[in-house]
1. Could we say that Gly27 is at positive phi and either crowded, with 19+ Cβ neighbours inside 10 Å or assigned by TED's automatic domain parsing to the domain that holds His126 (or both) here?
2. Going through region 4-18 one residue at a time, which ones are outside any helix (DSSP H, G or I) and not small (Gly, Ala, Ser)?
3. Kindly indicate whether any position in region 172-184 is among the polar types (S, T, N, Q), more than 26 Å from Ser116 (Cα to Cα) and either surrounded by fewer than 20 Cβ atoms within 10 Å (Cβ to Cβ) or at pLDDT 95 or above (or both).
4. Going through region 73-90 one residue at a time, which ones are charged (D, E, K, R) and more than 24 Å from Leu145 (Cα to Cα)?
5. I need the full set of residues from region 52-106 which are among the acidic types (Asp, Glu) and without any contact (Cβ under 8 Å) to a residue 40 or more places away in the chain, in order please.
6. Would you mention how many residues in region 108-166 are surrounded by 20 or more Cβ atoms within 10 Å (Cβ to Cβ) and touching a Cys at 6+ places or on another chain (Cβ under 6 Å)?
7. Cβ-Cβ distance below 7 Å, separation of 6 or more or different chains: which pairs start in region 187-201 with a residue that is among the aliphatic types (A, V, I, L, M) and end on one that is assigned to a helix (DSSP H, G or I) and surrounded by fewer than 17 Cβ atoms within 10 Å (Cβ to Cβ)?
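The values are calculated or read from the model by the stated rules, or taken from the named source; none is laboratory data. Bear in mind that the values here come from a model prediction, so they are computed numbers and not experimental data. FYI the Cβ positions are ideal-geometry reconstructions off the backbone, even for glycines, and counts take in every protein chain you see.
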Amino acid sequence: MESTDLCAELEAAFAPPLLALLADRFGLAPDMLRTVIAQAAPMLVAALMAAGATREGAARLFAVIRSPQANARVQRYLPQLVATTAGLKALENTGQFLLERGTQVTLAALSDRVASRTGVPRQATHALTGLSAAVLLGCVKHDVLVDQATVASLPVRLTNQWPRVAPQLDDALARALGAENARAFGNTVPAQLRILGGALKREVHPQAAPAQVPTEPVAPVGRPRSARRQLWWSVGLLALLLAGALVYAQWHHGPAGVAALAQRAARMAAQWGGSGEIRLRP
């Protein structure tokens, strides 16, 4: 869808038998009708480009393309649709409605430019430009449905039309589309379409977030462990008891009692340390 040449697709819809039928309706030669359609095609596509260059404009244009008024099978049934004067007028009105609703540009603003370039009467160019608009938007809808495309693909596809539109864009057409001149249009609209297309695609297909590496919980710094705290309480209590025993031995048994108590404490300490029940780490 994104690489389709919309101007070529529109011109291909008007095959020689269809041009012969329309020539009889309009009273013009088939070659003149072909010239009108060839001039209208890049103008219509330029209007789509200008409309789709903003987020709001792209959403509005895409909604019009998906609307019931846009006929995705218009190219297939075009000979039957224009076989009568009423059918031809209805398709012209549909094209005008879709164009003006989707682009906010009047059909007359474009058809007058076609008339000035081709010399074909304005009434005929107005009808043929409206007819071309209906066919163009119907073809775009067909491609959207076939590709199951979203609005994110629309700006990119319109950007790719610029090589066909640029040679036909003059200052008068650019002003009709809201730009100061043709150069301003070329310097802004294609770039805006590229930027918007990238942004919309990133929203539709966001990049995967980087995987989070799990981390083990870290114990609070400076908080003593309960086992070590209990160990220091035990050591402190033992020291108090030993000090009390030494005072008692000194008071009641003299130096001999103190020496006997020290030997007994040493043996207990050796047995205690060797049992592994209490072991101080540096």
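1. Values: at positive phi: yes; either crowded, with 19+ Cβ neighbours inside 10 Å or assigned by TED's automatic domain parsing to the domain that holds His126 (or both): yes.
Yes; evaluated as a whole, the condition is true for this residue.
2. Let us first name the residues in region 4-18 that are outside any helix (DSSP H, G or I), namely 4-5, 14-15.
Across region 4-18, the qualifying residues are Thr4, Asp5, Phe14.
3. We begin by selecting, within region 172-184, every residue among the polar types (S, T, N, Q); these are 181.
Those left that are additionally more than 26 Å from Ser116 (Cα to Cα): none.
No, every residue in region 172-184 fails to be among the polar types (S, T, N, Q), more than 26 Å from Ser116 (Cα to Cα) and either surrounded by fewer than 20 Cβ atoms within 10 Å (Cβ to Cβ) or at pLDDT 95 or above (or both).
4. As a first pass, look at region 73-90 and keep what is charged (D, E, K, R): 73, 76, 89.
The answer is Lys89, and nothing else.
5. We begin by selecting, within region 52-106, every residue among the acidic types (Asp, Glu); these are 56, 92, 100.
If the condition is that a residue be among the acidic types (Asp, Glu) and without any contact (Cβ under 8 Å) to a residue 40 or more places away in the chain, then Glu56, Glu100 are the ones that fit.
6. The qualifying residues number 0.
7. Cβ pairs passing all conditions: Leu196/Arg55.
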